[in-house]
Amino acid sequence: MKRFVFLMILTFNLSLLFAVEIQSSAMPKKESYVMYITPYDFGPAVEKIELNLGHAVLFSSVKAEDFDVTVLSNFSDDFSPYRLVKGGRKVLNAYLSDGAGNPFPERRTGQFVTIVMQISPNDDLTSPFPSTKLIDSGETYGYKIENSKLGISISHRTALVCKEVVAFECKNFVFGEGGDEISMEYASFVPEKKNDNKIPLIVFFHGMGESGRNIYKPLLKIKSTALAEEKIQSYFKDGAAVLIPQCPTGWLEITEKDPFGNRLWAMVDINGTVNKVMSPVTSFLSKIFVSENSTQNNVVTPVSYYTVAVKELIDLFVKQNPQIDVDRIYLGGCSAGGFMTLNMMIQYPDFFAAGFPICEAFPNERINTKDLLKVSQKPMWFILAENDPTIDPEKYTKPTVQRLIDLGAENLHHTYFKSVKDLSGKFFDEDKKNPYEYHGHDSWIYVFNDQVSENGLSLFSWLCAQSNGK
């Protein structure tokens, strides 16, 4: 029976959906503070806060060593009590400021003070969001800032500020109706129109850890905000639009159902404790897709449950933004988002112009050869780290790439890093001698820092040259 499709776009007020709204700028209220969030390779970090002391002080009395900054979790903006002390932040600098976090050196007195703190990939207190929940639970951490010499103890927060996040417009998309409707949040960026030229669209799929109903997760946890920043945007003559949908459950949820009518998940052989515990179940369910007599010619390729909904979202976004070139719609994604990238390329091979899966989680043995043949005819660039302990390259990307080569793929690139290391020069190992090494699964760091290239050809310069019209 043909499914009735009901589409609806709802612009929502983030302050209603989430406990806190991230703003472009804010002035701290009396005896309160503003928290500034910055996306880093390791996630969001609070490097500075600005205080409104409630009274003027001399600039000479503002000294970093006099401030004590304590991190408190389970904090809500309704000024409910803090419930758990997490630890202290190291203060590096403090100065009079202008109410917008900027130094105000010409003033000899003032009531606004900005505090700069040490950040580190290893420091859990660097991130403003407890655990990995960000703020969809209605809670985020807060601070108590004390300075006995200035006579202050401040623990009320006025706002969260992040200029990288507010470059995106955040909305809600509803697909279908009744009990089977799909509701997902998404973030979009459209560069300022310079002329009547068409611009490409980059659709990016987050990983499993960024699923849910809080669009700040895919924007901040993997620093996908970089897609809208000058470094990447400059590759495209008139800029590129960006669309980042958020999956409410996980892209690996598929259309197949168990005997009880529950949708299954694509079986991903992730290493670790969970996989060992679940192995009796996963080994049984995997037979749904791969029997003992199956080959890659007759295996059933799993299809994400969100496939049609995402395609409808893309279609509607393109319709609402006629400056988008329908021949230059690109797909990228990391981990489970890499699975979704390949999934969409398989299901709509004539629609998308190119793809760049990162540490992709589509088991090679579960891709039907006829389906992979569709991918072989499209421009593709695969990225991973050889030491990825989460998604084994030997079971996923590497054999898939080899099959694409055997199928005659002509516009195929792959970049295999040995590991994921900090190339910014900001973070080092404990001995302060070598660059800090991130988890091997986090190879998207190289993509968002524009550090992926092959024989002098960079990923994004290659991407912007791909078109279905050629």
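The values are calculated or read from the model by the stated rules, or taken from the named source; none is laboratory data. Computed from a predicted model, the values in this text were never measured in an experiment. Don't worry about glycine lacking a Cβ; one is built from the backbone with ideal geometry, like all the others, and counts go over all protein chains shown. Just the protein is used for accessible areas: all its heavy atoms, side chains included, with ligands, DNA and RNA removed. Shrake-Rupley method; radii C 1.70, N 1.55, O 1.52, S 1.80 Å.
So the values come out like this:
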quantity: Dipole-positive endmost among Pro399, Ser461, Phe382 within the stretch 372-470 (Cβ charges, Cα centre); calculated: Ser461
quantity: For Tyr436, residues with placed amide H under 5 Å, excluding near neighbours; calculated: Asp422, Phe427, Phe428, Asp429
quantity: Share of carbon and sulfur in the accessible heavy-atom surface of the stretch 316-470 [1.4 Å probe, %]; calculated: 47 percent
quantity: Distant-in-sequence amide H partners of Ala45 (H built 1.01 Å from N, under 5 Å); calculated: Thr38, Tyr40
quantity: Violating pairs (Cα-Cα greater than 31 angstrom) within the set Lys257/Lys311; Lys163/Lys319; Lys149/Lys217; Lys90/Lys433; Lys86/Lys395; Lys144/Lys231; calculated: Lys149/Lys217; Lys86/Lys395; Lys144/Lys231
quantity: Mean Cβ count within 10 Å, highest first, over the residues of peptides 142-149, 40-47, 191-198; calculated: 40-47, 142-149, 191-198
quantity: Using θ = phi - 60° and Karplus 6.51 cos²θ - 1.76 cosθ + 1.60, couplings along the stretch 342-355 (whole Hz; Gly, Pro as x); calculated: 5, 4, 5, 5, 5, 6, 9, x, 8, 8, 8, 8, 6, x
quantity: Distant-in-sequence amide H partners of Val57 (H built 1.01 Å from N, under 5 Å); calculated: Gly110, Gln111
quantity: Assigned charges on the beta-carbon of Lys, Arg, Asp, Glu; the stretch 166-216 dipole about Cα centre (debye); calculated: 300 debye
